[in-house]
Structure formats: structure tokens, C-alpha cells
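Notes to accompany the following structure.
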Amino acid sequence: MKDYEGKVYLNNAATSWPKPDCVVTAVSRALRSLPGDAGRGGIREFNVFEQVREKLGALLGISCPERIALGSNSTWGLNQAVFGFPLEPGDRVLTTKAEHNAVLRPLHRLEKQGIRVIYLDVDKTGRIEPEQWKAALRKYRPRLCVLIHASNVTGAVNDAQTLTAMTKDAGAAMLLDVSQSLGWIPVELEKWGADMAAFTGHKYLLGPQGTGGVYVRPGLTLKPYVLGGTGVKSNLREMPEEMPLHLEAGTGNEPSYHGLLAALQWAQENPLNREKTEEILQYLGNGLKALGCQVIQPKPPVMPVLSFTIPGWSPEEAGDILSGSYDIICRTGLHCSPRIMENLGTPGGTIRLSLSRFTERTDVDRVLEAVAALCGDETEKA
């Protein structure tokens, strides 16, 4: 097995690492055990999907966990929501330039089908201003709005409660992308009045890849985007009408969901210390600024994410050196969010460092030492 000792992992906005040991154990145990998917494996004593739904319901701030459909990731959930929502040619969808390609690409397909999509600019830190959102609602009268709760590029957190209230007042439905925020900051879908929300399990929920899904409020029915077996009501020619079966076609990723359940239980027993990580993030940003880097630092609330560029280096060049020479694992480029770069003033992309609850100040010191060396190298080249 490869030895990762000595590496600094700062790519948690992509996939969190390390995972708690209990997650690895749970996945391994599930793979070694008889399949237990109720209705398919024949073992009905324990339904991991129901257990996960219960815990996710509390984190999402909803009282009806059966309205959560579980799939492979938030991309699956966003596709279910976007293509399942009852839109007609000529309808309008309002969104922002801060969205991930998991939103942008489905919306592009809708545009080809006669749906008009309006992409709003965000500020220089990646956040949409409520008054701008309100004005756009009044001007365009959208039927559906799609909004990222927290930017995967800058970490800026949008005021989901205010923006959702404005959306509902305007008569539109709200789809929130909480892929980055869930597990790190409070999410209260029922309180906010959100109609739908997509999430993933492998980021700040600390679960394995291959987990995630979509919440659909009571009273709203989506057209299933994926059709297939459900293990029950097999005589029906259409998908069953009740949730979550209505959107859950095919065999679920049972081993990974055992891992996600273990992660959710572990997080309950080990409360997150956000203040510690926020202090480390501020220290990192100040240190990079002192070295002459262009740093994007949104005002709180913010995720433990920081994007920056180093004068004289492209993000890709700098990232290769940070990884290859200094064992610092980060993300560079457009981060699957190409439209936001125009608003940030970084058309070539950024270097993104995303911390976790396991990140220590010594990890950040390693980063600052490496970036200082790169800045020194550039001075010598000049």
C-alpha cells in the first residue's frame, strides 16, 4: 500500500481525506457480508438506505426523510432535479455564473430545448447579492431558480434563506446545490422553503464516493430521469409514484452507503470545531498575501476554501511544483466552474486550497514555505 505520510492534502472541496477509520471498516464489512438491500438481497433486518435518510434528514433540516432520493452523487441529484422539473419551452431559469458544471451543463441542454437560462454575475468573491437576485426575479419572472449554496472555487456562502424567500415570493421554485456546504455549515431546507436540494456524501460529510442524492419537498413531483427496477411493485410499467422509489431506479451502492452511515455517526460523536479551521484559513490567506499572491478572501460566512494565484506562474505550473516537489495536494484550473472566473478576474483559473477538520497549522506552514520558494524563483527569473 502506498505510503501517504508526509503529504499535505488540501483538496477536500473535491473529495475529503482522510476518512475516519470507521468509514473504511464499514465499507469493507459490507463487501464481505451478504447483500442487505431490502427488496433485492432478501435480508430485511437492516436497511442502510433508510438509516442514512434519517440522519441526512436531520442535517438537511427536513421532517420527511422519505423525500430524499439516494443516488451516486450530487451530479445525479442535480440532473434528476433539472430534467425532472416540469419546464416547458419558453420558460425561464435563473442561476448564477458561480455554478458548477453539474448545473451548467444540464442547463445548457435545457437551452437547446427552448428554455431560456439567465446567468447572473457574482461579485469578486463569488457571492450573489440579494438585491441583484431580487431585481432579476422581477425582470425575468423565472419558473425555476438554481443556486449554489457555497462556491466550490472561493468558499463564499450565499444567503440561502433570504434568496429562497425572494424566489418563493416571486412565484418560482428553488433548487439549491448544497454539495459543498452540507456537513460544514447549517442547512435548513424546510425553514428556508427550498423546493429541492442536491447533495453529495464524499465531501464534508466525510463519506465515500458514490453517495449523494436529491431532496424534493412534499407536493412537488419530478419526472424520473432514470428508469428501472425498484425491487418492489415490479408489475408497474411506470416508476412507483411514492418517494423515494419514484426516483431510485436500480441497485443502490450499498457498501458506500454503509460507509456514509458510519461517517454520519462519527460526525455526531465528534463535533466539528469550525473556529479552529477558520483561524487556520485566515492565517493561510494572510500569509499568501504577504508573499505577494492574489488571494480571494470572501467575508464570512465562508467555507474552508481559498483560491489564489502566484505572480509569474500559471496555476497549473505552480500546482505541479507544489505537488511534485513539496507533496502538497491541491487543485488548479477552472474547478469545473468556468463561468465564475470572469467575475473573479482570473480567466486562467486559480490554485485552490481546501482545508478540513483534520488540517493543522503546520500543514499551512508547509504551503507558505513552498509558495515563498516559488515567489523567490520567479524573482530570480525576472
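For the residues G259, G287, the requirement of being among the small types (G, A, S), in a helix (DSSP H, G or I), within 30 Å of S151 (Cβ to Cβ) and more than 23 Å from the chain's Cα centre (by Cα) singles out G287.
Taken over segment 309-338, the criterion of being under 22 Å from A290 (Cα atoms), out of contact with any helix residue (DSSP H, G or I) (no Cβ under 8 Å at 6 or more places or on another chain) and buried (at least 20 other Cβ atoms within 10 Å of the Cβ) is satisfied by P315, G319.
Taking L120 as the residue in question, decide whether it is over 15 Å from D177 (Cα atoms) and in contact with a strand residue (DSSP E or B) (Cβ under 8 Å, 6 or more places away or on another chain). It is true that L120 is over 15 Å from D177 (Cα atoms) and in contact with a strand residue (DSSP E or B) (Cβ under 8 Å, 6 or more places away or on another chain).
Per-residue answers, yes or no, for (1) within 25 Å of L245 (Cα to Cα); (2) at pLDDT below 95; (3) in a helix (DSSP H, G or I):
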{"residue": "F46", "(1), (2), (3)": "yes, yes, no"}
{"residue": "I62", "(1), (2), (3)": "yes, no, no"}
{"residue": "L70", "(1), (2), (3)": "yes, no, no"}
{"residue": "F83", "(1), (2), (3)": "yes, no, yes"}
{"residue": "G90", "(1), (2), (3)": "no, no, no"}
{"residue": "P106", "(1), (2), (3)": "yes, no, yes"}
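Return yes or no: is N101 surrounded by fewer than 19 Cβ atoms within 10 Å (Cβ to Cβ) and among the polar types (S, T, N, Q)? Against the criterion (surrounded by fewer than 19 Cβ atoms within 10 Å (Cβ to Cβ) and among the polar types (S, T, N, Q)), N101 qualifies. Contact annotation: residue pairs with Cβ atoms under 9 Å, 6 or more positions apart or on different chains, pairing a residue in segment 1-14 that is surrounded by fewer than 10 Cβ atoms within 10 Å (Cβ to Cβ) with a partner that is modelled with pLDDT of 95 or more, are G6/D327. Would segment 344-365 turn up any residue that is buried (at least 19 other Cβ atoms within 10 Å of the Cβ), farther than 26 Å from S179 by Cα and touching a residue at least 24 places away in the same chain (Cβ under 8 Å)? No, segment 344-365 contains no residue that is buried (at least 19 other Cβ atoms within 10 Å of the Cβ), farther than 26 Å from S179 by Cα and touching a residue at least 24 places away in the same chain (Cβ under 8 Å).
List the strands (runs of 3 or more DSSP E) inside segment 294-371, counting only whole elements, that have at least 3 residues being among the hydrophobic types (A, V, I, L, M, F, W, C).
305-309
Taken as a whole, the structure leaves P86 outside the set of residues that are crowded, with 17+ Cβ neighbours inside 10 Å and farther than 17 Å from T164 by Cβ.
The values are calculated or read from the model by the stated rules, or taken from the named source; none is laboratory data. Only a predicted model underlies this, so the values are computations on that prediction, with no experimental measurement involved. Neighbour counts are summed over all protein chains in view; Cβ atoms, including those assigned to glycine, are modelled from backbone coordinates with ideal geometry.
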